[in-house]
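Heads up, the thing below is written out as structure tokens.
The values are calculated or read from the model by the stated rules, or taken from the named source; none is laboratory data. Keep in mind it's a predicted model, so treat the numbers as computed, not measured. Cβ atoms come from the backbone with ideal geometry, glycine included; neighbour counts cover every protein chain shown. Surface accessibility is based on the protein's heavy atoms, side chains included, excluding ligands, DNA and RNA. Shrake-Rupley method; radii C 1.70, N 1.55, O 1.52, S 1.80 Å.
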Amino acid sequence: MVWIAEQIRALSLIVVTVLTTMAAAPGSAPTAATTCAPFGRVPVAGGRYIVQQNEWNSNERQCIRVSGTRWTITVADFHTATDGPPATYPSIYTGCHWGTCTASRGLPIRIRNLTSARSSWSTTLVPTGAYDVAYDLWTNTTRATEGQPDGSEIMIWLSSRGAAQPAGSRVAAVRMAGAMWQVWTTRMSGWNHVAYRRARGTASVRTLNIAAFVKDSVRRGSTKAGWYLIGAEAGFEIWNGGDGLGTRSFSFSAS
């Protein structure tokens with residue numbers, strides 16, 4: 001997620017895991033949970049993923065309801081200027097986020113050893129507000145970090161609404177994973193940032209070739225082959241509104 005340096009200080013003050021789901025019996029529906037804590041987290045799918053509030057840049061009320069990998073923002077009405085960082089990035093992730101890791105064994109993985117990374121993601125969008133629908137991939141120069149990753153941030157914008165746009169400047173257009181993408185790059189305070197914005201937005205993808213974006217970022221010099229992919233997140237950077245946005249299903253695998 002873009003504009004996240006301030007999150008480090010926030011996380012040092014608020015470390016909250018408000019609700020966790022109990023493992024459901026075989027054949028039964030996942031147990032539902034709701035959290036309104038700014039940094040509330042809910043492990044799902046046996047700990048393979050974590051759904052997080054990640055409200056790092058606002059004091060407004062936000063709540064999410066989680067049932068397995070399906071989750072919905074039930075309370076949100078942000079009013080943040082779109083020429084700056086978003087208010088929040090509620091998301092689902094695998095790997096590690098600021099030192100909190102899932103049970104998945106796929107990440108971290110050294111970039112040069114990444115042979116395959118694919119993800120399927122289906123979302124529910126709303127016709128109001130300003131937000132993006134984006135993957136956020138983090139790389140680090142070492143296998144682990146308790147704070148801000150120091151390698152690169154690779155964002156994949158599937159869609160957006162309102163005046164939201166990636167950080168930095170548009171530098172190219174490429175065809176990957178069956179679509180055209182605008183490429184935006186910049187240097188943040190301690191890491192490289194590259195964003196791929198889909199020319200024609202979509203609300204869902206199936207077996208999206210995540211590795212193709214990572215490898216393209218290496219070719220552009222934003223990511224180094226010796227760094228580690230430590231986390232893969234998927235969610236909504238929200239500037240305005242947000243209520244009703246959600247994920248229907250999500251999966252990620254890397255080898």
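Charge tally for L158 (other residues, Cβ to Cβ under 11 Å; Lys, Arg +1; Asp, Glu -1): +2.
Which sequence of R105, R118 reflects their accessible areas, 1.4 Å probe, from the largest down? Walk me through the intermediate numbers first.
Numbers: R105 230, R118 105 Å².
Ranked list, largest accessible area first: R105, R118.
In this rough spin-label picture, where each label sits 7 Å from Cα along the Cβ direction, the R110-T124 distance is 4.4 nm.
What is the antiparallel percent of DSSP beta bridges lying wholly in segment 104-255, to the nearest 5? Could the numbers behind the result be given before it?
Working: 46 of 52 bridges.
The answer is about 90 percent antiparallel.
Once the GluC sites (Glu not before Pro) in DSSP loops with at most 12 neighbouring Cβ atoms within 10 Å are cut out of the chain, the longest remaining piece is 7-145. With R₀ fixed at 51 Å, the C-beta to C-beta distance from A173 to A29 puts the FRET efficiency at about 0.75.
What the Cβ-Cβ distance of V75 and Q165 gives, at R0 = 25 Å and to the nearest 0.05, is a FRET efficiency of 0.45. For segment 129-255, the orientation-averaged shadow of the C-alpha convex hull comes to 8.1 nm² (one quarter of the hull surface). First check a/c for the chain, with a ≥ b ≥ c the square roots of the eigenvalues of its C-alpha gyration tensor; if it is under 1.5, answer rounded, and if not, answer prolate when a/b is larger than b/c or oblate otherwise. In terms of gyration-tensor shape, rounded.
Rounded to a whole number, what is D in µm²/s for segment 148-190 from Stokes-Einstein with the Kirkwood radius over alpha-carbon pairs (10 °C, 1.306 mPa s)? Walk me through the numbers on the way to the answer.
Numbers: Rh = 12.1 Å.
Calculated translational D: 131 µm²/s.
Taking a sphere under 12 Å around the Cβ of I92 and counting the other residues whose Cβ falls inside, with K and R at +1 and D and E at -1, yields a net charge of +2.
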